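The values are calculated or read from the model by the stated rules, or taken from the named source; none is laboratory data. Quick caveat: nothing in here was measured; it's all calculated off a predicted structure. Cβ placement follows ideal geometry from the backbone for every residue including glycine, while neighbour counts extend to all protein chains displayed.
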Amino acid sequence: MPLGRFRLTRATTESSADSALAPGNSASTFEYVNFQGPPDTTLKPSPLGSLAHDLEPSNHTHQWPSWVDFEAWRTQEQREQVIELRRVKTYPGNTVYTKGVRYVCSRKGTGGLNAYAKLRPEFGRKMESKRTDCKCVLIVKEYPGVSTVIGNYTSGHNHPVGNANLWFTRISNETREYIAGLLRSKVAPEHIVRYYGLFTLISMLTFTQLQLLHGGVYHNDNTFDDDLDFDLDTVASRNDFVQLRDIRRIEKDIEAETVRLHPDDGQSTLKWVERLRAKGHVLGFKAKSDLPPPQSGLAPDVFVLMIQTGWQRKMFQKYGNFLLCVDATHNTTMYENLL
């Protein structure tokens, strides 16, 4: 029976004529009387997405005491399976949970389609494509007032795991940061490869070069023999196979921090123009949005940047102030434009 409030009329018990005839009073008064039906004993389901709902056995596959424990499990799972579970989306949460995170296998792909058009599409690949549209997915959630983390893990892969998947994985962030720290300390890349343990942070060991670098995955004392004794039962890591070219890539990224002054190439160019102009190295500059100088014959949307350092200016005045040469780079760089 639904609950309700009804206004009923009930006669007053006052018999005094003065009180009954007083202004604002009448012979009867009104009161509110509540009528309640029987209590509702029906069990209401837990809100969808709440901790109580997700704790039901059919709604989760894993549970961790805290986020730290979850990250430790994820690290161990990646190491044992030789896979990468990468974050692709974070859900801000609502009143029943505070945060949700979605991870997928790196071989599914974590970005959109590549817009790059190959200049030579007929050229083949040295390695097969990394993307296999793998269906492995992990969704974890945190809840208000508790540290418990609930996860739903679909662990099936459509590609080999273990050491067979090793060359499709990346060097760990910890190892990259360690190598970057050595490079920022002006340690030569060759010195890092030859004398420094990368992942265990042990330096100046007496092992041979590859034994030191590769963390002991080789058991043969003569590391450079053709018949390397590789233990197939040992689960390797990409950190075990860091090469000089990997260190060079990290070195290149560090150098780019001082070369690329802004993530957008256009803004980075403008900042470089300002820096060079302050030093007196800019002879002329025209952005594509600037109007061309009168009688210059330049197209309205052309980009022009002329640079001459102080030393170049002295050499030009000393040896070549009567001649100006232009070296074209058309089809000699990665850009098809005429530079």
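Restricting attention to the stretch 267-291 and to residues that are small (Gly, Ala, Ser) and surrounded by fewer than 12 Cβ atoms within 10 Å (Cβ to Cβ), the residue that is nearest to residue 177 (Cα to Cα) turns out to be 278.
If you take the residues in the stretch 35-64 that are of a type in the set (Ser, Thr, Tyr) and at pLDDT below 70, which one is farthest from residue 155 (Cα to Cα)? This residue is 41.
I'd like the full set of residues that are out of contact with any helix residue (DSSP H, G or I) (no Cβ under 9 Å at 6 or more places or on another chain) and not in a loop (DSSP other than H, G, I, E, B), limited to the stretch 100-142. Hits for the stretch 100-142 are 100, 101, 102, 104, 105, 137, 139.
For the stretch 292-326, taking the residues that are touching a residue at least 12 places away in the same chain (Cβ under 8 Å) and of a type in the set (A, V, I, L, M, F, W, C), the one that is surrounded by the fewest Cβ atoms within 10 Å (Cβ to Cβ) is identified as 306. Exactly one residue out of 193, 161 is at pLDDT below 85, of a type in the set (A, V, I, L, M, F, W, C) and in contact with a helix residue (DSSP H, G or I) (Cβ under 6 Å, 6 or more places away or on another chain): that is 193. Is it fair to say residue 288 is part of a loop (DSSP other than H, G, I, E, B) and of a type outside the set (S, T, N, Q)? Judged against the criteria, residue 288 is a match.
Of all the listed residues (308, 243), the sole one being at pLDDT 85 or above and either more than 34 Å from the chain's Cα centre (by Cα) or of a type outside the set (Phe, Trp, Tyr) (or both) is 308.
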